[in-house]
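Have a look at the structure below before the remarks.
What follows is calculated from the coordinates using simple rules that are stated; it is not laboratory data. What you are looking at is a predicted structure, and each value in this text was computed from that prediction instead of being measured. Positions of Cβ are backbone-derived with ideal geometry, glycine not excepted, and every protein chain shown enters the neighbour counts.
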Amino acid sequence: MVDQKVIAQTAGVSEATVSRAFNQSANISPRTLGKIQEAMMSLGLQPLPSLPVCAKSKKRYVLVMAGDIANFFFSQVIKGICDQLTREGLSPVVCNSNYDEHLEEQKIIQAEKNDYLGVILVTAMEHPTLSETLKDIDTPLVLVNRYIHSIETNTVCIDNYMGGYLAASHLLENGHRRIAYIASQKGSTPQEDRIRGFFAAVKELQPSNFRCKVFYGTSDVERGRQVALNLVGQGMPYTAIFVADCQIAVGVVNALNDFGYRIPNDLSILCFDDSPYINEAGLCLSTVRYDPYSMGRTAVSTLLQNLENRQGNKSHVVLVPRLVLRRSVKKLPVDDQ
């Protein structure tokens, strides 16, 4: 059995210091606590929590809520959150809301009443009553991949404006002038920002004879399939499709394969979000990506920083996406543009 003496020897500190860490003494520096935590992990032990003194009396639960935890991107964000919370000695309470704002309000109020340490919302949307609930709670809050215009709180977001700009620039530079944009829910801030970035690139590059239509809807495989079938039924009036996420992209690709479309020879596809699913049927989609797991871990760091300084300014972390080029976008000859 590993005792405090072994932990002290491994960390290079005294037994008394380890004892103070176990007793959560305020007389131990974060650097020393970090050494002890690393030593414990190397010995196969659960690390000690590193909470600020002001949070010691709180219950060690953090509500983690998303509209669809089956979505690959969101599931990886949640995995990053849960892993980091566990490293900090905290307990995540994960809730799938199915984008039901009333359920979200109920769970947030419960977290407040039960003295949870914090709330992390992965897919929050602007709803009047939800916004009022978030304004009223005292529990520290972090929004991930979302922000709400009507409230000022901690956020960890991808630069979705840049993501949309990168996508449009890449398609336009490859000669595409007729583009279908298959977006997810209308009104979500990631979609708003991506669309603004997309059309900012169009305005800057000023392509001739440009035509683009945005299709809003749910984020799932079946919807991607249905939109693709609709476009095929119209004779596919586009040379390229920009898809909001990997799940929609799978449905689009499956439907196009069924009708004999070859990617990118017959149609180019660019996807926002990277995942194993975009290699469906051997297809390697070019994507705009950011690591969702790291995003989740950053959300926990942001929460803990807010606990350290409740009176300080809210933290707004913006993560930069990048374009990953594979083989799903074809460069069109001038005659085909």
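Tabulated data for the structure shown
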item: Net length gained if the chain between D138 and K186 were fully extended (0.36 nm per residue, minus Cα distance); result: 14.3 nm
item: Cα-based helix-to-principal-axis angle, 189-205 vs the chain, degrees rounded to 10; result: 50 degrees
item: Charge dipole (debye, nearest 20) of the range 33-161; +1 at Cβ of Lys and Arg, -1 at Cβ of Asp and Glu; result: 660 debye
item: Charge-dipole axis of the range 141-255 as Lys and Arg at +1 and Asp and Glu at -1 on Cβ define it, positive-most pick from L141, C246, M236; result: M236
item: Segment D266-K314, extension gain: residue separation times 0.36 nm, minus the distance between their alpha carbons; result: 12.5 nm
item: Shape category assigned to the range 146-223 from the gyration tensor of Cα positions, a/c cut at 1.5; result: oblate
item: CD proxy at 222 nm, helix term only [per DSSP H run n ≥ 4: -39500 (n - 2.57); per residue of the chain; nearest 500]; result: -13000 deg cm²/dmol
item: Entries in K35/K59; K79/K135; K203/K314; K113/K135; K213/K330; K107/K135 that, when Cα-Cα distance is taken, lie over 23 Å; result: K35/K59; K79/K135; K203/K314
item: Computed E for A70/L325 - FRET, C-beta separation, R0 30 angstrom, nearest 0.05; result: 0.60
item: Pairwise FRET efficiency - Y216 versus S294, Cβ, R0 = 25 Å, nearest 0.05; result: 0.30
item: Degrees separating the helix 30-42 axis from the principal Cα axis of the chain, which is the longest one; result: 80 degrees
item: Share of Cα-Cα pairs in the chain lying beyond 33 Å, as whole percent; result: 38 percent
item: Dipole magnitude (debye, nearest 20) for the chain, charges at Cβ of Lys, Arg, Asp, Glu; result: 600 debye
item: C284 paired with Q206, simple spin-label distance in nm, labels 7 Å along Cα-to-beta-carbon; result: 3.7 nm
